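Since the structure comes first, as structure tokens, the remarks are kept for the end.
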Amino acid sequence: MNKQIKRAKWIGGKPKKLRSFKPPEEDKLIVDREGNIIGSLSADEPEEPSAKDGRERDTESGDSETGMSRKMRQETQLTAEERELKESTEISEDFDRLKRQLEEKVGLNKSFDVIFREMVFGGQKTGIFYYNGFIKDYVLTEILERLSYADQVHRETEHRKPVEEHRRPYRNWRTDRAEEPSGRQEEGERRNTIGLFEEALIPHVQVKRVCKLKEAIDNVAMGGTAFFFEGEREAVLVDAKNFPARTTEEPELERVVRGSRDGFVETLLTNVTLVRRRVRDPRLKLEITQVGKRTQTDVCIGYIQDICDMKLVESIRDKIKEVKVDGVPLAEKQLEEAVVGNSWNPYPSVRYSERPDVVAAHLLEGHVIVFVDTSPSVMILPTTFFHHVQHAEEYRQTPIVGTYLRWVRFIGIAASIFLLPLWLLIVTSPELKPAGLEFLGPQKPGKIPILGQFLIAELGIDLMRMAAVHTPSPLAIAMGLVAAILVGEVAVKAGLFSNEIILYLSVAAVGTFATPSYELSLANRICRLVLLVISAVFKVPGFVIGSTLLLLMLALQRSYNTPYLWPFIPFNMNAMGHILVRVPFLSMKTRLSLTRPKDKTRQPRRPRRQE
């Protein structure tokens, strides 16, 4: 104690009171207001005022951001090293740096389904990169079992090499000088490492070698597996994918009494295979591309090269490539709006189908088909109004029966649009009733005006349709009974609705449901509502003007430079005859001129008999 006082006096200051000894403090934990530990602060480091003030604000006010949110914001601010790793495109030879690249690019060690498995085969350190859930376990098990024999294969390969090959000097192509055999041997071994794994050790039919990390990551995101080798700047990609998919069942919207029962699913490769099974023409081309910066959805364009108009193919291909969006999670519908872009027009510009036989038939007609991964619907381009009213059932029956079914469907579609507006005109304007139809009209008018009854009933049908979609199957029958008995019958007995209105509305609804194209049925329902309102307000002039505007809208609409009402406008007698009558198969000698096919002959003409 005396020595310390003397030392203080010798320095020149007054003797200070000595501090008592304190044990070293432990690190302080930073805890937010919810009790979560978000970090630690060393005892010998001063706490930043900003952090301290922020915690005080978190404690005092509930509206300020929490320490956890600040922590997350700080993590999003990349350092120079992290930014460099994220932007790098080359495959690193060092596995530590490679894993850091994968951490920044795909979230390795953050996302639980991103796997990087390190193993050693034949003295070569190997990294297996894949997404858990996409891979085929039994295929990779076979590959790993084969890789376990890497030492034996490597020794057999080295044993087959002649001894003189290792001893003979060679000339370096860069310096044009002779090199020592030892250096050449090491370089050859290094160069043949990937070749040995690719050609002799990986037993798979779809193997590809890449030198860009982005290609490897994109392939793995599509379900493949990447093999990296320490000390190498290349990777081997194995297409051993296994997507979760349902079976190829018959589509709900395009059922037939007789015919195939398979339908498209949400897997692109399965859908392409179903079409390949029916069209084995080697000139069937299937071009694949990706759409969406983040989703990278696979889009496939299909056509028969010597039938389809290549200008149409190039136009569709260019428009798909011009789509610059984050992604198309809703698949074909978002792609249609981005490519076709029919704005607010309710009528569909493309035809969707879930039947492989229908798509194959359109391919032979010269149409272009577009597959979108994760969607069971295939787009057919170009299409007209009459493409949407055709059904496969017409071609599964005899020509006369198919023609009858087609005309019944035409009548139902026309009734779904014009029946209710015409009945409303006749009821509200008795002078328009033809002779013999005086019985038309409600005998007991309801308490609600006729137009109000129609609108309420239309909304009720749409509401029941949406309820049926969302109702579980065991409850669907109960929901139908409630709709038919409680809503319909009770409303009529209470005097709110008229029996005749319910009858004609039911006929129009049946015609709507009989429309093969679901998109066309929805568009016809909207036009029916518009015609109802216009006819109720403006009477006959309103109905005539509304029908004329509907016809003009359809006549002016085009699908890839194709008139929407072809062959009615412009009129083509031969094609119109094929639409009105289901022609026998052998009578269809040529293809329709709608798609401008290169090969217009559908089947060779039969030679005339010589008398």
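The values are calculated or read from the model by the stated rules, or taken from the named source; none is laboratory data. The model shown is predicted, which means the values in this text are computed figures rather than measured ones. A quick note on method: Cβ atoms are made from the backbone with ideal geometry, for glycine too, and the neighbour counts reach across all protein chains shown. Remember, those area values only see protein heavy atoms, side chains included, never the ligands or the DNA or RNA. Shrake-Rupley method; radii C 1.70, N 1.55, O 1.52, S 1.80 Å.
Which one of these does residue 495 not meet: (1) open to solvent by 30 Å² or more (accessible area, probe 1.4 Å); (2) in contact with a Lys or Arg (Cβ under 7 Å, 6 or more places away or on another chain)?
(1)
Quick check on my filter: what residues within segment 551-568 are part of a loop (DSSP other than H, G, I, E, B) and surrounded by fewer than 16 Cβ atoms within 10 Å (Cβ to Cβ)?
561, the sole residue that qualifies.
Could you tell me which numbered condition residue 424 fails, if it satisfies all but one of (1) closer than 24 Å to residue 249 by Cβ; (2) assigned to a helix (DSSP H, G or I)?
With respect to (1) closer than 24 Å to residue 249 by Cβ; (2) assigned to a helix (DSSP H, G or I), residue 424 is out only on (1).
Among the residues of segment 270-300 satisfying the criterion of being surrounded by 16 or more Cβ atoms within 10 Å (Cβ to Cβ) and without any contact (Cβ under 8 Å) to a residue 40 or more places away in the chain, which is nearest to residue 375 (Cα to Cα)?
Ranking the candidates gives 270 first.
Within segment 370-404, count every residue that is open to solvent by 50 Å² or more (accessible area, probe 1.4 Å) and of a type in the set (S, T, N, Q).
3
For residue 435, are the conditions met, namely being open to solvent by 10 Å² or more (accessible area, probe 1.4 Å) and not in a loop (DSSP other than H, G, I, E, B)?
no
Just to be sure I understand, how many residues within segment 290-337 are within 23 Å of residue 602 (Cβ to Cβ), in a helix (DSSP H, G or I) and either in contact with an Asp or Glu (Cβ under 7 Å, 6 or more places away or on another chain) or of a type in the set (Val, Ile, Thr) (or both)?
Here the count works out to 1.
Filter segment 127-142 for residues that are open to solvent by less than 50 Å² (accessible area, probe 1.4 Å) and over 26 Å from the mean Cα position of the chain (by Cα) and give the result.
127, 128, 139, 140
Among the listed residues 411, 380, 417, 400, which satisfies the condition of being over 36 Å from the mean Cα position of the chain (by Cα), outside any loop (DSSP other than H, G, I, E, B) and among the β-branched types (Val, Ile, Thr)?
Just a single option satisfies the conditions, and that option is 400.
Output the qualifying pairs, or none if there are none: Cβ atoms under 7 angstrom, residues six or more apart or on different chains, first residue in segment 235-264 and more than 22 Å from residue 277 (Cα to Cα), second residue open to solvent by 60 Å² or more (accessible area, probe 1.4 Å) and assigned to a strand (DSSP E or B).
Sorted first by the residue in segment 235-264, then by its partner, the pairs are 236/209; 237/208.
State which residue is nearest to the chain's Cα centre (by Cα) when the search covers only segment 205-216 and only residues that are open to solvent by 50 Å² or more (accessible area, probe 1.4 Å) and touching a residue at least 24 places away in the same chain (Cβ under 8 Å).
Residue satisfying both the conditions and the ranking: 214.
Quick one: residue 591 ticks every box in (1) in contact with a Gly (Cβ under 8 Å, 6 or more places away or on another chain); (2) surrounded by fewer than 14 Cβ atoms within 10 Å (Cβ to Cβ) bar one, so which box is it?
Checking residue 591 against (1) in contact with a Gly (Cβ under 8 Å, 6 or more places away or on another chain); (2) surrounded by fewer than 14 Cβ atoms within 10 Å (Cβ to Cβ), the one that fails is (2).
Can you give me the number of residues within segment 106-126 that are surrounded by fewer than 18 Cβ atoms within 10 Å (Cβ to Cβ) and outside any strand (DSSP E or B)?
The total comes to 9.
Of the residues 423, 407, which single one is among the aromatic types (Phe, Trp, Tyr), at pLDDT 85 or above and open to solvent by less than 30 Å² (accessible area, probe 1.4 Å)?
Exactly one residue qualifies, and that residue is 423.
Filter segment 228-245 down to the residues that are of a type outside the set (D, E, K, R) and either in a loop (DSSP other than H, G, I, E, B) or over 14 Å from residue 139 (Cα atoms) (or both) and list them by number.
Answer for segment 228-245, where residues must be of a type outside the set (D, E, K, R) and either in a loop (DSSP other than H, G, I, E, B) or over 14 Å from residue 139 (Cα atoms) (or both): 228, 229, 231, 235, 236, 240, 242, 243, 244, 245.
Rundown of residues vs (1) modelled with pLDDT of 90 or more; (2) more than 23 Å from residue 307 (Cβ to Cβ); (3) touching a Leu at 6+ places or on another chain (Cβ under 9 Å), yes/no style:
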site: 512; (1), (2), (3): yes, yes, yes
site: 523; (1), (2), (3): yes, yes, no
site: 564; (1), (2), (3): yes, no, yes
site: 568; (1), (2), (3): yes, yes, no
site: 583; (1), (2), (3): yes, no, no
site: 587; (1), (2), (3): no, no, no
site: 590; (1), (2), (3): no, no, no
site: 605; (1), (2), (3): no, no, no
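Where residues in segment 498-525 are over 27 Å from the mean Cα position of the chain (by Cα) and part of a loop (DSSP other than H, G, I, E, B), which of them is surrounded by the fewest Cβ atoms within 10 Å (Cβ to Cβ)?
The selected residue is 514.
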